[in-house]
There are 2 protein chains.
Amino acid sequence: MKKIRIGLIGFGTVGSGLYRLLEQNAAIIERRTGIRFEISSICDLRAEDVKNRTKGVEVITDWQEIIADPKTDIVAELIGGIEPAKSIVLAALKAGKGVVTANKKLLAEEGGEIFAASGAGSGRLGIEASVGGGIPCIMALRHGLVGNRVKSIMGILNGTTNYILTSMQENNLPFADALKDAQDRGFAEADPTFDIEGFDAGHKITLLAMIAFNRQIQFKDVPIGGIAHIDSIDIVYARDMGYVIKLLGIAKETEDGSIDIRVHPTMIPGGHHLASVWNEYNSIMFDCNMTDPVILTGKGAGAMPTASAVLADIVQISLQGDAYQSPLITDGAAQLIEPGKRMSRYYIRMQTDDRPGLLSQIAGVLGKNNISISSVIQKEVHTENVPLVFMTHEAAEEGMLAAILEIKNFDFVHGEIMLIRVEDSLSAGEQK
Amino acid sequence: MKKIRIGLIGFGTVGSGLYRLLEQNAAIIERRTGIRFEISSICDLRAEDVKNRTKGVEVITDWQEIIADPKTDIVAELIGGIEPAKSIVLAALKAGKGVVTANKKLLAEEGGEIFAASGAGSGRLGIEASVGGGIPCIMALRHGLVGNRVKSIMGILNGTTNYILTSMQENNLPFADALKDAQDRGFAEADPTFDIEGFDAGHKITLLAMIAFNRQIQFKDVPIGGIAHIDSIDIVYARDMGYVIKLLGIAKETEDGSIDIRVHPTMIPGGHHLASVWNEYNSIMFDCNMTDPVILTGKGAGAMPTASAVLADIVQISLQGDAYQSPLITDGAAQLIEPGKRMSRYYIRMQTDDRPGLLSQIAGVLGKNNISISSVIQKEVHTENVPLVFMTHEAAEEGMLAAILEIKNFDFVHGEIMLIRVEDSLSAGEQK
């Protein structure tokens, strides 16, 4: 039986998950593929610890040995971060190895160089594990939907924030308590910045958009917003209006060919497919010109789901050999839409004094900036400051921001003004 | 640029869809694959009509010419049914061609022979379009989830019945009116038997289960039930209890290794992932031992979604060449679970006289057959016959059927007894 030797670099969550996956499912994988997959060496700085947790595997601390070893067929880079991950991936590709990585940061920030290197020589690159954990979304996009023009991508791409938003919604918790709960249950890191500020989702939507639109996108150019400022009251207002708030990565090709890409909390209708994806689950919707929306849902992180994706790439690289097609970006740099021109509906919430005539002044400012109001909620409350909520029709961002500045200057408007984008686009058999 | 010549057999909905897809998206596919795909010949008995609707393509009426033509790289069998489709696929495989088919009936009923033939020679077989239309579910299962043991598959596999059930639920229509509406809108055939009796879903779950469990399953051995007997009142009762009724194809590996496979209307909790898939959309949930549930959703039929899947296979066969791995079933015949041993919760609805003591007699019969009651609904109505509804805990089918026979014999029970299976298994971030 053909044997494939894997050199594993990084024995953390995903690396040890891959080891366990092969221990547990080796027989079933052999029957399906006719290949025996074997982790032949592991590189990790905690070598003693790794030796205690593994059997019959060479454990080393210098990754260059794995790449120099002619017996290594495939290198799995599972350490994350930019360096030394970047050097590892480039060196392994140059050495003509198969390379699999779960490193979304590396691919989103340095993808240009990595994809060019994988296209240049005999190295073969697999990136399934970099987005969506156990969800085979890169494969679906690159191969399943290869006959389609992708119109847009919308995704719940980060499990931590989806877990927090779910628990704010279900248990009426304020953000801080929901975050604490997520940390206690292992769904959020001790320092949760990377997740809750939207950077993780930003890496993933950048990578998905590059592949879908076949153009280079600089991660640093992607506007990113997180969820820490979302108030429980916004979730309640959203629900009252039939909406749910999700942190979405969104990328659309506009009519002039420019790309509108962003990450931000988004209100979507309760019947929208992504609205019923809860807790730590991720879900990605590709809206395509032949299939219409295709949605993939599952666990977007965790040792075993991510290891499943790593293994999927290892199998494809092994079965296809030289025929394996690495992801390539061949159409040059994407033109991103000017931020001010982005079109969206908006939810706006502010605190005002409780006296007559204020609504008309605020509505006047919105109208002057070409923003037409779809609905207004002003509930009777017995406090000094009254919450006032608007939903607008579609408007350009530049008009919206100008209006907000002007409204903030009214002496009867207090504190920050909450602005949340609204996406009404239909999806999979939405229930009206 | 490498060129791949496609011989298209059958210019119906999907065949003409493939032609249009290539007309419209050829440039984007070329940039992604480096290959020019061209339909070089079309076989269809309506040759004149096809000639009028195409340009620069040879149109013939004898499929053997396409297979005999050395210039044909890939044969697309898009006529459906058993013959001559079976002869076409076998002959094309024997001739060493790439073969793609959307023919679920052929694969579910004659899969053993077809898969064996594709494994035997140099022919390569692609079957993505046979299940789930534009949803890349075969690829996800075979390649994306290759490192997993599949625990179960649950799917909304037929758009016609999902459309009908959606419209029964949303518009409170009886089955007959919802069917008529579906026919008027083109979501149901003039003779809808194949869809509404569950045969179409049965073909698909048979095929998915064979691939997932790597064992032969005979379609004729799969118990299949349709939706024509579902009453609007059942949909209302289901909703009152927090459930939705969907026609599901289900396949599970039981603890002793036997396969529990079936198609029937099923009550699932409103928060279940499949519960929020409406109208003509399909959705397939693979519950796997590494990824946990992965769910794919999209349009399961129609010219362009299905053509997208056909094209996906054509591309993979063309890129991978001899490395392409056709689906194989290598573990022999599946042992199916004895029908009487199948475990399920049940919804039972009957009409009884309105007098005291009847409930206790019926409950007694259920208890005697080891069926424990989870809830009872008996609403006050002012008619002669009173609807009585039970939800049971998990019970074996043999006990359930014995109890039903006994209950039917009571002189105070009138008409048919409605029995609907209930699946409570959790899925993607179900909202409690």
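Every number in this text was worked out from the coordinates using simple rules, so none of it is lab data. Model, not experiment: these values are computed from the prediction. Ideal geometry is used to build each Cβ from the backbone, glycine not excepted, and the neighbour counts take in all protein chains shown.
Just a few scattered comments:
- Kyte-Doolittle mean at least 0.5 and Cα axial length at least 18 Å: DSSP H helices in chain B: B:199-213, B:303-320
- Between residue A:218 and residue A:183, the modelled labels are 3.5 nm apart [label points 7 Å from Cα along Cα→Cβ].
- Once the Cα-Cα distance is subtracted from the 0.36 nm per residue extended length, the residue A:31 to residue A:122 segment shows a gain of 30.0 nm.
- Residues B:13, A:383, A:161, sorted so that the one with the fewest Cβ neighbours within 10 Å comes first: A:383, B:13, A:161
- Cα-based shape type of the stretch A:155-227, given that a ≥ b ≥ c are square roots of the gyration tensor eigenvalues and the cut on a/c is 1.5: prolate
- In terms of its C-alpha gyration tensor, the protein assembly as shown comes out rounded, because the ratio a/c of the largest to the smallest axis stays below 1.5.
- Within the protein assembly as shown, percent of DSSP bridges classed antiparallel, to nearest 5: 65 percent
- Using every pair of distinct Cα positions in the stretch B:339-422, the Kirkwood expression returns a hydrodynamic radius of 12.9 angstrom.
- The calculated FRET efficiency for residue A:229 paired with residue B:20, based on their beta-carbon distance and R0 = 51 Å, is about 0.60.
- The amide H of residue B:345, built 1.01 Å from its N in the peptide plane, has B:395, B:422 as neighbours under 5 Å, considering only residues 5 or more places off or on other chains.
- Applying 1/(1 + (r/R0)^6) with r as the Cβ-Cβ distance of residue B:239 and residue A:64 and R0 = 56 angstrom yields a FRET efficiency of 0.35.
- Estimated from the Cβ-Cβ distance and a Förster radius of 30 angstrom, the FRET efficiency linking residue B:13 and residue A:330 is about 0.35.
- Exposure proxy order (Cβ contacts within 10 Å, fewest to most) of A:170, B:255: B:255, A:170
- Scalar couplings 3J(HN,Hα) for the stretch A:245-254, obtained by applying the Karplus form with A = 6.51, B = -1.76, C = 1.60 to θ = phi - 60°, are 9, 10, 7, 10, x, 10, 9, 10, 8, 7 Hz; x denotes Gly and Pro.
- Taking A:267, B:343, A:241 and counting other C-beta atoms within 10 Å, the order from fewest to most: B:343, A:241, A:267
- Distant-in-sequence amide H partners of residue A:42 (H built 1.01 Å from N, under 5 Å): A:8, A:58, A:59, A:60
- For the stretch A:266-274, 3J(HN,Hα) computed residue by residue from phi via the Karplus equation (6.51, -1.76, 1.60; θ = phi - 60°) reads 9, 8, 10, x, x, x, 5, 4, 6 Hz, glycine and proline entered as x.
- In the protein assembly as shown, helical runs assigned H by DSSP with n ≥ 4 each contribute -39500 (n - 2.57); averaged across all residues and rounded to the nearest 500, the mean residue ellipticity at 222 nm is -11000 deg cm²/dmol.
- Three-way shape call for the stretch B:126-184 based on the alpha-carbon gyration tensor, with the a/c threshold at 1.5: prolate
- Here each label is just a point 7 Å from Cα along the line to Cβ, and for residue A:380 and residue B:3 those points are 7.8 nm apart.
- DSSP beta bridge pairing in chain B, given as percent antiparallel to the nearest 5: 65 percent
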